[in-house]
Each structure stands twice: as structure tokens, then as C-alpha cells.
Amino acid sequence: MKLSSCLKGIRLPRPPAAADPQPLPAPEKVYLPLRQHQGAVAEPKVEPGDQVMMGQVVGASEDFESATVQATVSGTVEAIVQMPDPSGGMVPTVVIANDGADAWIDEPAATEAALASPEEVGATRPSRLLRRVREAGLVRAQVQGRPLHVDLSPPMAPQSYLYMTGIPVVRPIDTLIIKAVDPDPPVCPNASLLGEAGDELAVGVAALARISGASRIILALPSGADASALKAMAAQYEWETASVCQTSYPFAIDHLMVNSLTGREVPTPYGEPRDVGVSVQPLSTALDVGSVLLTGRPVVERVFSVTGEVKKPGVFRVRLGTPIGEVLDAAGGGPSQAGKVVVGGPMMGLAIYDLGTPVTRETQGVFVQSAPQVQHFADHPCIHCGRCVAVCPVNLIPSDLGKLCEFRMYEDAAEQDLMNCIECGCCAFVCPAQRPMVHFLRHGKTEVLAGRME
Amino acid sequence: MNNNLLTVSTSPHILGRTTLRSMYLEMMIALVPALLVGLYYFGAPGLTTVVLAMAAAAATEYLISLITKKPSTLSNLHILLMGLMMGMILPPGAPWWLPVAGGFLTVALGMSIFGGNGNYPFNPVLVAWAALAISWPEAMGAYLEPMALGSGDDWMEAETFLMQLKGDIGTLEMFELGTLWIGNVAGGVGTTGTWALLAGGIYLVIRRLIPWQIPLGALIGAVGMGLLAVYTDERVAEMGFEEFSAYLNIVWLHLGAGSFMIAAFFLGPEPVSSPVTPWGGLLFGLGVGMMTIIVRFWGSPLDGAFYGVLLMNAATPLLDRIRPRVIGKVVSGA
């Protein structure tokens, strides 16, 4: 751990020890949004009234930045409606009534040679592996994540923001970081998978490395958790392991983890880890890839963490498309005075307004708050105390940026590196005047972009 | 769970437990040890001074909020903290109107005319102190001989260490380092208890309520400049000090004397008027420490700590321009 992470950032309470995921029964109706990632919406391939089998494609698109959507139950398509996604926008969604049979479709993909070991993966062409990942419609497990086949490819075209900067414009991916830590505790789906060291993981990681071309594999493990099984695997397959402290927020965010593990700096605001030759994939995504290659079937479940003020917080294996409200009921129900339901963790998550919002490939968990616990911001002026400067992990001066954005001096703020903010929320967390720092900065960024578009 | 009543807002959805009120309360708590030392040695006159200053500050804020028809900010304790600091730097046993004027000036002249908390360029306590020191130099220079609690109320006027030092360099041999640091000397109500101020200041640094750079810079600046000053002072050389440890002892005396500690840990890092950037804070502290020693050795005022803070307050906007490098910022042509 670098010195900067001791001095910068904030300390969050240690999340409760992760339990193994418990399976939840499939719901009576699943809601499958035709866009479960950042990118393009897929076109529906079914019509209301159609009978579908589990694993049957219900949405697909020619667009590269789009992932195929499969039915996660067998049954009848009821309708195609508009449903909110975690960020609140409306997405066309296929509603399927479950017939309870869970009958798999037997497509050629399912019978295609299952890859049972890392050696077999190593003997397969990367493009073939990539095609299977794309057919399975995998998505990097993160809100606003990309379709996995996009995320694993090096940038298709030179990124315009990298011109004249000295950073190679197209750089092959040489490092793969498998992230068993969760950036935003206590929502920790990855930490509950630490015990799943088996063929799935070996095949998944081998495939991810083969597709991306990475020669160096780093397994980022949470410090203080029992990860002996994964460590043994890492020794067997010659992966490097690194210990990352989950409670020192926000150093498990991709950009900062790439910096601390490889020393490379991901260019902000538009950069991604693959611009500096690193691919960061969550442990659950690696397991998904492994499962797709082993079984030849798409993934229909998602490891979903329910934390906060519910009766029985825990980690569940949820059928994709289950409304979040039903998962909450399975966790014992929320508090009597409903406050907030946040998809993602408490620091960076998105508060949803509709409990019918389904579990998708990009959601990792929810954090529930009762009404009395909901935080309120104040409109006190900045008192210039500098606590936000002391915690900002990317060395901004949030106090100045907040003031500039509050008084509509957006371009001045942009000159002071407003756009490099990663919106981790540390500044708002420590602000004694309880100013809505993240709100100001996001608003400022939006205004700057809008101003530049004109 | 009712589906219609969910709250939607921007992240983060949890906040730290620090509020303005808790922050100012903790700062007051950190001042309590020094205040207790002051009250132990200066008894009733000291208490009167502090209470009058706090009451005057609170009353002024209340009146101003009535006149300007703004909600009073008394509840977040900022005004009381300012009043407390004002009282603590005044001489005990000052005539009653001195702390009252101090409290009034702190709030009215130092704070409110600039727009209240968050907007003033100079530390309001020191603005008021400067006004008082210029207007009533005699009253501001009338200190009491310390008397432990319970040894009567027969107060005698006394000169502070720095006053005596200005007149006679031989004073250096009359004071013991231990006595000076423990607070058993003439001085402002809350400025003499060096150990107590140090403890309170370290508490604030550990709680991350003040940046560590400012006190550290002040200590480095004072020790470094102090050694330089002692080595170049002919009078000290004439007294026959030759060893480094002797020189260093003189510097420790200076750290414990006057108002250096309260300036380094409480008045200097006062949030609004001090820089926020790490290097800016370090330079700010260095400036405070160096000014303290420079004024004491070569200036006409007795103590330079407050002048140092006021001067560096003026430099704060400049120091805030020393920004650290932004991680991930793409530098053109690098």
C-alpha cells in the first residue's frame, strides 16, 4: 500500500465478514432490460405471447457496444415495457412470466466444445473466446459497466484525448487485474466469492488473459479476509497477489488501484484502465466467463449483495431480471420507514426511485437506508477548512471547485481541473459544513460539457 | 415498504459525523487544558476576562443578526470559540471593557463586515487583538504575577518573560525551562500553558480537524529561525554560551514564551484564514514560526507570533495557488 493511501481518502467501517452467497428462487416474472450496460440498446428478438426457453436470445444488436440479452427463465413473453435502469433512465424491457420449468434451450452454443481447463483455453484462438463471450452477452459487473467484449479489446481507434500527451495512443493490454475487492463497502459481492477457487475461476482468468493478451495477472485480494484458497490457486497458476485495504476508501476504485498496483496513471476524465494497458475485471465477472466456457450456457444469475437496514443482510444468487423489491423481501424486508435504496455502495451508488428496477448484469448490490438515516446536506458557505483537500485522492482542491460551481463559474472550475474529479465523494463525507460537494462538482461538469457542445 | 416514498439524491449517501458544531466544540475542548492552566495561575481575574470576551462576542453576534435580519449562527459555537480565543490571549485582570471591546471587535470588525463565517480574510481574533494593542497599549501590557489557586487574591503586576528579555538579555538565566513550559509565568490567560496547548493542538491534528502542515511548519520555522537568531546575536555570545545544547535551550525558551504555541496550533490553523493546500500550509506555518522569532529579536513589538499569523493570512490566497499535481491529469506535450 502506498503512503498516499494512508494519508489521503477516508476510513470506512469494516464490512461484516462475507458469507457464501445463498441462492434465491426464480421470481414469477423477470424484467430483462435490453440495455444492461453503458452503450447501445439491443433490439428485441421476441414478441409478446412468444414462448421462450432459458438461455434463448430475447435481445441482440449489431452494434459493437451492445450485449446480447438472454431469457433467464422459461415461460411466456408478456410485454415489452419501459422500465427504469439504476441511473433512472427508461429502457425497453422484456417481461417474461415464469412457467417454473427452467427448461434450457439447446442451442448450438450449448453443445459447442466446453473448455474444461486453462490449457484448453490457451489452445483456443482469442477471437473464438471473444466470440463466445460476446454471444453470452457478458457485461463487466459495475454500474455503467461496458459489455465485456468491448472492455477486453484494446481501444479500437486512437483516443482523441491522448493525442500530443506522450502517452501511447494505442497500447496493447499487458496486465490483467482480477479484483476480489469491492470499492464501496459494505456492498461486497466479490468478497463473498473468495471461496470459489475452482475450475471456473481458472478457466475464466485464463480466458480473460488470453483474450486481452495480458501476460501479467494480478489478483487483488482484500486485506484481512480469508483468501487462502485463492492464494493457493494464484501460486499454482503463477498469478501475482496483492493485498488491498477495502476500508481505506476510495483506493479500490479501478483508476486508483491501477495506479497503486502498477504505478500507471489512468488519464482522466475520459480515460480507462485499458488506455494504459491494464484490464481490471471483478472476480464475479471472471467466474461468469469461466461458467460460460465450461457449460457453454449464458449466465442467468448474479451475485447480489443486500446491505444496510434490512432484517437479514446478505449476499444472494439472484436470477437476472428479478425486481430489486423482491430481493429486499427475501432479505427480510426493508425498514418500516422507507428512506433510500441505493444501487451500488453508500459512497458512489445511485439512489433508485422504483423498487421494480430489476437486477441486471451491471448491478452488484443495494444499500438500504431508513428515512431517519437519510443524510441531509446544508447550504452553509464553505469555511475553507481544507479537510476536503486533505482527503481528495486525486489531489484536487474540492473547496474551490465547489465554490466556483456554486456560483456558476464553470469554465474557471474546469481550468482548475474540475473534469479530473472521480466523484468518489470523500470531500462531501468529511465536509463539516455538510455542503453537497459531489452535487456541485457533477453539476459543474455537466454545465462545462454542455457549454463546450455549443 | 412503501414504493412511493423512496428518496433520490446524489451520492454519497452516508456522511462523516463531523459537523460545524462538533468541529468547533472539539476545538473548544482542545483549548480547555490551556484554559485550566491559565485559571489555575490567574484565578478570578483570568476567568472574568474570558467570560466577558465570550459574552461580548455572543451578544454582538446576536445584535448583528437582529440588525441584518439574518438567522443567528450562535448555535454552531463558532462565535463562542472566537470569544474564547479572544479572552485567552488577553492579559488577566484587564479592565472590564478590554475583553468586551475585544469580543465586540472580533465579531463586528473581524467577521461580520466580511460576510461572516467562511469569508473573512484575516483571523478575526487577531484583527481585534491588533486593534486593541494599538488603541490601549498600556492596558494590553498590564500582566499579573501568576499565583497558584488558593493562595489569596493579592494580585501583583508583573512583566512577561519577553518584556524582561527585551530590556535585559540576562533574563535568560533567570527563567527555568520547566516553569516556563508549565505556564507558571506572567502572560495572557490561556497562552502560558505551553504543554497544555501542545496537547490540545496534537489532539486536533490527530482528529484531522486542523492540517498537520501548519503547526509542523511553525515549529520548524521557529526552531530553525531561532537557532539562526541565537547564533548571530552578539549579546548571547557575550553571555558565554558556546555549546549547541545551550543555544537550543534558548530556542526552547522562546517556544514556550509569549503566544507562540497558541498561534501555531489554534490561531494560525484557524480554518477560514489559513491555506488549504499542503505545501501552502507548510509555508504558512514556516512564515508564522519565522516571523515570531524575527520580531522578537529584531522588531520593536514584544511578540511576533500574532503578527506572523496576520501577515501569513494576507498571503493565504497566494499560498492556495501552490496546488499539488492532479493524479491522472494529462499534461500536453509531456
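The values are calculated or read from the model by the stated rules, or taken from the named source; none is laboratory data. The model shown is predicted, which means the values in this text are computed figures rather than measured ones. Every residue, glycine as well, gets a Cβ built from its backbone with ideal geometry; the counts of neighbours run over all protein chains shown. Surface accessibility is based on the protein's heavy atoms, side chains included, excluding ligands, DNA and RNA. Shrake-Rupley method; radii C 1.70, N 1.55, O 1.52, S 1.80 Å.
Numbers at a glance
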{"read-out": "Shielding score for B:14-24, defined as the mean number of other chain Cβ atoms within 10 Å", "value": "6"}
{"read-out": "Total accessible area lost when B and A pair, probe 1.4 Å, Å² to nearest 100", "value": "4900 Å²"}
{"read-out": "For the stretch B:63-140, convex hull of alpha carbons as volume per residue, Å³", "value": "89 Å³"}
{"read-out": "In order through the stretch A:317-330: 3J(HN,Hα) via Karplus (6.51 cos²θ - 1.76 cosθ + 1.60), integer Hz, x for Gly, Pro", "value": "9, 10, 5, 4, x, 5, x, 4, x, 5, 5, 5, 4, 5"}
{"read-out": "Residue-wise HN-Hα coupling along the stretch A:31-47, computed from phi with Karplus coefficients 6.51, -1.76, 1.60 (Hz; x: Gly, Pro)", "value": "10, 10, x, 7, 9, 10, 6, 7, x, 9, 7, 7, 8, x, 10, 10, 10"}
{"read-out": "Normalised contact order of chain B, rounded percent, pairs of Cα under 8 Å and 6 or more residues apart", "value": "17 percent"}
{"read-out": "Protection-proxy order for peptides A:343-355, A:12-24, A:173-185, each taking the mean of Cβ atoms within 10 Å per residue, highest first", "value": "A:173-185, A:343-355, A:12-24"}
{"read-out": "Table column - 3J(HN,Hα) (Hz), the stretch A:54-66, Karplus curve with 6.51, -1.76, 1.60, x for Gly and Pro", "value": "5, x, 6, 6, 10, x, 8, 8, 6, 4, 5, 8, 8"}
{"read-out": "Convex hull (Cα only) mean projected area of the stretch B:147-200, reported in nm² to one decimal", "value": "4.5 nm²"}
{"read-out": "Sequence-distant residues sharing a close amide H with A:VAL244 (under 5 Å, placed H)", "value": "A:LEU221, A:SER223"}
{"read-out": "Most positive-pole-ward Cα, A:LEU328, A:GLY296, A:ALA414, against dipole of chain A from beta carbon charges", "value": "A:ALA414"}
{"read-out": "Crossing angle, helix B:244-256 versus chain B [Cα axis fit, 0-90 degrees, rounded to tens]", "value": "60 degrees"}
{"read-out": "Translational diffusion of chain B, µm² s⁻¹ [Kirkwood Rh, Cα pairs; Stokes-Einstein; 4 °C; 1.567 mPa s]", "value": "62 µm²/s"}
{"read-out": "Per residue accessible area in Å² of chain A, where ligands, DNA and RNA are left out and the probe is 1.4 Å", "value": "38 Å²"}
{"read-out": "Average other protein chain Cβ within 10 Å of Cβ, residues A:404-414", "value": "0"}
{"read-out": "Lys, Arg +1 and Asp, Glu -1 on Cβ, resulting dipole of the stretch A:257-307 about Cα centre, debye, nearest 20", "value": "120 debye"}
{"read-out": "Folded to 0 to 90 degrees: helix A:228-237 orientation relative to chain A principal axis, Cα", "value": "70 degrees"}
{"read-out": "Computed E for B:LEU228/B:ALA55 - FRET, C-beta separation, R0 56 angstrom, nearest 0.05", "value": "0.85"}
{"read-out": "log₁₀ of I(q)/I(0) at q = 0.07, 0.08, 0.09 Å⁻¹ - the protein assembly as shown, Debye sum with one point per alpha carbon", "value": "-0.63, -0.76, -0.88"}
{"read-out": "Ratio Rg/Rh [Cα only; Rh per Kirkwood] for the stretch A:301-373", "value": "0.92"}
{"read-out": "Under 5 Å, built H, 5+ apart or other chain: amide partners of A:VAL58", "value": "A:VAL69, A:GLN70, A:ALA71"}
{"read-out": "Calculated over the stretch A:237-315: convex hull of Cα atoms, volume per residue (Å³)", "value": "178 Å³"}
{"read-out": "Relative contact order for the stretch B:1-106, counting Cα pairs under 8 Å that sit 6 or more residues apart, in percent", "value": "34 percent"}
{"read-out": "FRET efficiency, 1/(1 + (r/R0)^6) with R0 30 Å, evaluated for B:PHE244 and B:ILE169 via beta carbons", "value": "0.95"}
{"read-out": "Gain in span if fully extended, A:ALA114 to A:GLU238, counting 0.36 nm per residue against the direct Cα distance", "value": "42.3 nm"}
{"read-out": "Cα centre as origin, Lys/Arg/Asp/Glu Cβ charges: chain A dipole, Debye", "value": "1040 debye"}
{"read-out": "For A:GLN22, residues with placed amide H under 5 Å, excluding near neighbours", "value": "A:VAL315, A:PHE316, A:ARG317"}
{"read-out": "Per residue solvent-accessible surface (Å²) - the stretch B:168-318, probe of 1.4 Å", "value": "38 Å²"}
{"read-out": "Leading residue at positive end of dipole, the protein assembly as shown (Cβ point charges), from B:GLY87, B:ALA57, A:MET90", "value": "A:MET90"}
{"read-out": "Per-residue average of Cβ from other chains inside 10 Å of A:428-439", "value": "5"}
{"read-out": "Lys, Arg +1 and Asp, Glu -1 on Cβ, resulting dipole of the protein assembly as shown about Cα centre, debye, nearest 20", "value": "560 debye"}
{"read-out": "By average C-beta atoms within 10 angstrom, highest first, the peptides A:332-339, B:280-287, B:12-19", "value": "B:280-287, B:12-19, A:332-339"}
{"read-out": "Taking N as its residue count, the alpha carbon Rg of chain A over 2.2 N^0.38 Å", "value": "0.97"}
{"read-out": "Spatially proximal lysines relative to B:LYS70 (Cα-Cα < 24 Å; intrachain offsets below 8 disregarded)", "value": "A:LYS403"}
{"read-out": "Charge dipole (the protein assembly as shown, unit charges on Cβ, about Cα centre) - positive-most of A:SER61, B:TRP279, A:PRO23", "value": "A:SER61"}
{"read-out": "Proximal charge balance of A:SER74 [Cβ under 10 Å; K/R count +1, D/E count -1]", "value": "-2"}
{"read-out": "Estimated inter-spin distance, A:TYR270 and A:GLN373, nm [label 7 Å along Cα→Cβ]", "value": "4.0 nm"}
{"read-out": "Paramagnetic reach from B:TRP252 in the stretch B:11-43 [backbone N under 19 Å; point 7 Å along Cα→Cβ]", "value": "none"}
{"read-out": "Estimated distance in nm for a label pair at A:ALA97 and A:SER223, the labels positioned 7 Å out from Cα along Cα-to-Cβ", "value": "5.5 nm"}
{"read-out": "Helix A:126-136 vs. chain A, principal-axis angle (Cα, 0 to 90°, nearest 10)", "value": "90 degrees"}
{"read-out": "Computed over the stretch A:387-453: relative contact order in percent, which uses C-alpha pairs under 8 Å that are six or more apart", "value": "37 percent"}
{"read-out": "Residue among B:ALA59, B:ALA108, B:ALA237 with the largest mean-square fluctuation in a Gaussian network model of chain B, springs linking Cα atoms under 10 Å", "value": "B:ALA237"}
{"read-out": "Spacing of the two label points (7 Å from each Cα toward its C-beta) at A:ALA19 and B:ALA131, in nm", "value": "6.4 nm"}
